[in-house]
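The structure appears below as structure tokens.
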Amino acid sequence: MRRIWKIKDPDPAFQDSLSHDLNISKVTAQLLLNRGVDSAAGASAFLECSLSSCHDPFLLKDMDKAVSRIKRAISSHEKIIIYGDYDVDGMTSVALLYLCLKNLGLSPETYIPNRLEEGYGLNTIAIKKAQRDDVSLIITVDCGISSFKEIELANSLSIDVIVTDHHEILDSRMPPAYAVVNPLQENCKYPFKHLAGVGIAYKLASALYEGTSNNAEEFLDLVSLGTVADVAPIVGENRILAKHGLEELNKRKRTGLRALMEASGLTGKDISSGHIGFILGPRINAMGRVGSPEKALELLLSVDEPRAKELAGILNSENRNRQKIESKISEEALSKVEREVNFKDHRVIVLASEGWHPGVIGIVASRIADRFYRPTILISLDGKYGKGSGRSVEHFHLFEYLLRCKDHLMGFGGHESACGITIEKDRIEAFRDMINNEASKDVDERVFSPKLNIDMDIPLDMLSEEVIAEIESLSPFGEDNPRPVLVSRNLIVKDGPRQIGKNGFKMLVTDNKVTCEAVTFGRGNIEAPKTGSGIDIAYTPSINDWQGLQSIQLELRDIK
């Protein structure tokens with residue numbers, strides 16, 4: 001499927017002005033503008049990325065109530081449970097708050113539900129167990145905003161609940177908790193609305209630490225891990241926390257994370273957001289999907305090196321198991337797409353099957369959405385009921401379309417780009433029809449055409465090692481701050497292409513002034529051109545350091 005190249009409109013006047021004011025290249029100036037930076041002051045703040053520019057945690061609605069209640073629990077030696085989610089964001093949130101409260105003199109318990117047996121969020125079995133264990137306060141992290149009946153039960157059992165969450169709020173309804181800390185709630189004055197769950201846990205720790213000798217910055221490695229792995233937008237405060245968190249992560253102070261890096265083949269490497277997204281995050285997530293999330297949490301908290309190495313090995317093994325399960329489901333789902341999906345009428349792909357592992361279907365849904373450029377929901381059936389996981393495409397707000405179809409669902413949650421649902425088997429066909437009917441009413445057909453967002457059209461001679469170093473200063477890259485993509489036109493394939501790896505190739509391209517190496521490792525299914533052919537290329541520039549020799553390398557994203 002050919003992609004439409006969407007090139008951002010250039011602003012030469014802004015490029016000239018910012019280049020002059022900050023002594024940066026015009027390329028970097030345009031990249032900053034493309035990321036919403038439209039002034040010299042804003043550009044300086046973006047490039048400086050200072051922790052001091054983060055917002056006061058007490059601007060979060062109910063933060064004062066939450067801190068007051070937790071401090072009362074500390075002084076009274078109450079029993080507290082930190083209740084989290086089973087993904088990386090949830091587990092790093094639990095680890096962070098556990099370590100924070102431990103530093104303040106408490107020994108809180110932790111609880112992460114089993115995805116298969118208990119499902120997402122607070123559950124009544126856990127709350128009744130908490131009452132039997134004389135727990136008087138539950139603090140949720142990365143969940144709880146939709147747990148109405150569970151929090152009502154806790155209230156009836158004289159257990160206070162503090163909710164810290166970042167997920168969408170359904171119909172502006174708030175759970176009856178002692179305090180709710182979520183920047184998305186009405187009347188919350190916190191300026192940045194896109195913190196991950198671990199970002200909110202960090203804000204809570206910062207607020208609890210005010211007036212003490214403790215410093216919440218020691219948790220920034222956990223914050224970067226959870227924020228990047230949860231695909232939170234890496235802009236504003238998230239970018240600041242992620243950038244400083246990566247610096248902390250690279251110090252390798254935390255025993256468990258150091259062991260995981262070694263087990264993952266990252267010894268001696270400079271950890272980037274890409275390593276979190278593709279190597280570290282999936283290994284932690286695998287425990288919540290197909291293994292035991294408690295072991296992943298134990299790894300994050302471990303200070304015993306032999307045990308940490310053992311746990312890192314377990315995470316590696318479970319990740320391989322997850323990959324095998326994922327591969328099998330992918331084959332079955334692709335076969336179903338061929339048999340069941342009519343792309344002329346189906347704007348949203350909805351597939352269901354018995355035996356699909358509910359912990360893995362979200363990953364497969366993401367792959368199918370990427371391949372066919374349609375929002376995709378996969379449903380794992382178990383008897384009369386199904387659990388589904390969905391992934392969307394750009395400019396299709398999946399959560400809003402679920403709201404329109406809520407009468408067909410037993411439960412649902414999520415946000416613009418991802419969702420989870422529970423549904424009766426007999427309602428799946430009606431749900432599929434309705435969500436497709438709703439999508440056909442008001443969604444521009446062009447939304448379902450794959451696109452490649454491109455930052456700038458430049459001649460090759462605008463690139464230099466200095467310019468590429470400036471581009472790297474815009475990192476960490478991630479959601480809403482992607483690795484820059486540039487286009488250069490009218491190039492000739494001077495040498496190659498030569499195959500590398502299983503599906504990749506490299507070649508030399510030239511505009512008769514500058515010659516560069518262009519390379520792809522097979523991601524994106526780019527077709528290799530012939531030697532001597534004329535091409536336009538979309539690429540991300542980088543510096544290739546090979547045996548001490550540095551050269552400009554163009555990482556191919558597409559070829560025309």
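The values are calculated or read from the model by the stated rules, or taken from the named source; none is laboratory data. Keep in mind that this is a model prediction, so the values were computed, not measured. With ideal geometry, Cβ positions are generated from the backbone for all residues, glycine too; neighbour counts draw on all protein chains shown.
Brief remarks on what is shown
- Within the stretch 515-535, if we keep just the residues that are over 11 Å from ILE492 (Cα atoms) and among the aliphatic types (A, V, I, L, M), the residue that is surrounded by the most Cβ atoms within 10 Å (Cβ to Cβ) turns out to be ALA518.
- A residue that is aromatic (Phe, Trp, Tyr), without any contact (Cβ under 8 Å) to a residue 60 or more places away in the chain and at negative phi occurs somewhere in the stretch 11-18.
- Test: residue in the stretch 211-226 that is touching a Cys at 6+ places or on another chain (Cβ under 9 Å), part of a loop (DSSP other than H, G, I, E, B) and not small (Gly, Ala, Ser): yes
- The requirement of being surrounded by 20 or more Cβ atoms within 10 Å (Cβ to Cβ), among the polar types (S, T, N, Q), more than 30 Å from PRO108 (Cα to Cα) and touching a residue at least 12 places away in the same chain (Cβ under 8 Å) is satisfied by SER273.
- One residue from ALA365, ALA352 being of a type in the set (Gly, Ala, Ser) and part of a strand (DSSP E or B): ALA352
- Of all residues in the stretch 472-492, those satisfying the criterion of being of a type in the set (S, T, N, Q) and under 19 Å from ILE234 (Cβ atoms) are SER473, SER475, ASN481.
- Any pair with Cβ under 7 angstrom, 6 or more apart, that starts in the stretch 130-151 at a residue that is surrounded by 24 or more Cβ atoms within 10 Å (Cβ to Cβ) and ends at one that is in a loop (DSSP other than H, G, I, E, B) and polar (S, T, N, Q): ILE145/ASN182
- Check on ARG374, within 24 Å of the chain's Cα centre (by Cα) and either among the aromatic types (Phe, Trp, Tyr) or in a loop (DSSP other than H, G, I, E, B) (or both): yes
- Considering the stretch 423-451, and only residues there that are within 26 Å of the chain's Cα centre (by Cα), in contact (Cβ under 8 Å) with a residue 60 or more places away in the chain and farther than 30 Å from ASP536 by Cα, the residue that is surrounded by the most Cβ atoms within 10 Å (Cβ to Cβ) turns out to be ILE435.
- Among the residues of the stretch 537-557, some residue qualifies, meaning at least one is of a type in the set (D, E, K, R), surrounded by 15 or more Cβ atoms within 10 Å (Cβ to Cβ), closer than 30 Å to ARG367 by Cβ and in contact (Cβ under 8 Å) with a residue 12 or more places away in the chain.
- For the stretch 64-116, the set of residues classified as within 21 Å of PRO183 (Cβ to Cβ), surrounded by 19 or more Cβ atoms within 10 Å (Cβ to Cβ) and among the small types (Gly, Ala, Ser) consists of ALA66, GLY84, GLY90, SER93, listed by residue number.
- Hey, ILE454 crowded, with 21+ Cβ neighbours inside 10 Å, touching a strand residue (DSSP E or B) at 6+ places or on another chain (Cβ under 8 Å) and aliphatic (A, V, I, L, M) or not: no
- Picking from residues in the stretch 173-223 that are at pLDDT 95 or above and basic (Lys, Arg), the one that is surrounded by the fewest Cβ atoms within 10 Å (Cβ to Cβ) is LYS189.
- Selected residue [of a type in the set (A, V, I, L, M), in the same structural domain as MET63 (by TED's automatic domain parsing) and either within 25 Å of GLU394 (Cα to Cα) or under 17 Å from the mean Cα position of the chain (by Cα) (or both)] from ALA179, ALA232, ALA201, ALA242: ALA201
- Residue among LEU280, LEU195, LEU241, LEU204 that alone is touching a Pro at 6+ places or on another chain (Cβ under 9 Å), under 30 Å from ILE169 (Cα atoms) and not in a loop (DSSP other than H, G, I, E, B): LEU204
- The one condition in (1) assigned to a helix (DSSP H, G or I); (2) closer than 21 Å to ILE276 by Cβ; (3) of a type in the set (Lys, Arg) that LYS251 fails to fulfil: (1)
Here's the yes/no breakdown for (1) out of contact with any helix residue (DSSP H, G or I) (no Cβ under 9 Å at 6 or more places or on another chain); (2) at pLDDT 95 or above; (3) among the charged types (D, E, K, R); (4) not assigned by TED's automatic domain parsing to the domain that holds ASP89:
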residue	(1), (2), (3), (4)
GLU237	no, yes, yes, yes
GLU248	no, yes, yes, yes
GLY256	no, yes, no, yes
HIS275	no, yes, no, yes
LEU299	no, yes, no, yes
LYS328	yes, yes, yes, yes
GLU331	yes, yes, yes, yes
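- Selection within the stretch 155-203 - touching a strand residue (DSSP E or B) at 6+ places or on another chain (Cβ under 6 Å) and closer than 16 Å to GLU237 by Cα: GLY197, ILE200, ALA201
- Exclusive hit being over 27 Å from the mean Cα position of the chain (by Cα), within 21 Å of MET462 (Cβ to Cβ) and either in contact (Cβ under 8 Å) with a residue 60 or more places away in the chain or assigned by TED's automatic domain parsing to the domain that holds MET456 (or both), set LYS506, LYS502, LYS513, LYS530: LYS513
- Looking only at the stretch 520-560, and only at residues there that are among the aliphatic types (A, V, I, L, M), out of contact with any helix residue (DSSP H, G or I) (no Cβ under 6 Å at 6 or more places or on another chain) and farther than 14 Å from TRP5 by Cβ, the one that is modelled with the highest pLDDT: LEU554
- Of the strands (runs of 3 or more DSSP E) lying entirely inside the stretch 384-470, those containing at least 3 residues that are more than 25 Å from ILE559 (Cα to Cα) and of a type outside the set (A, V, I, L, M) are 385-391, 411-414, 418-424.
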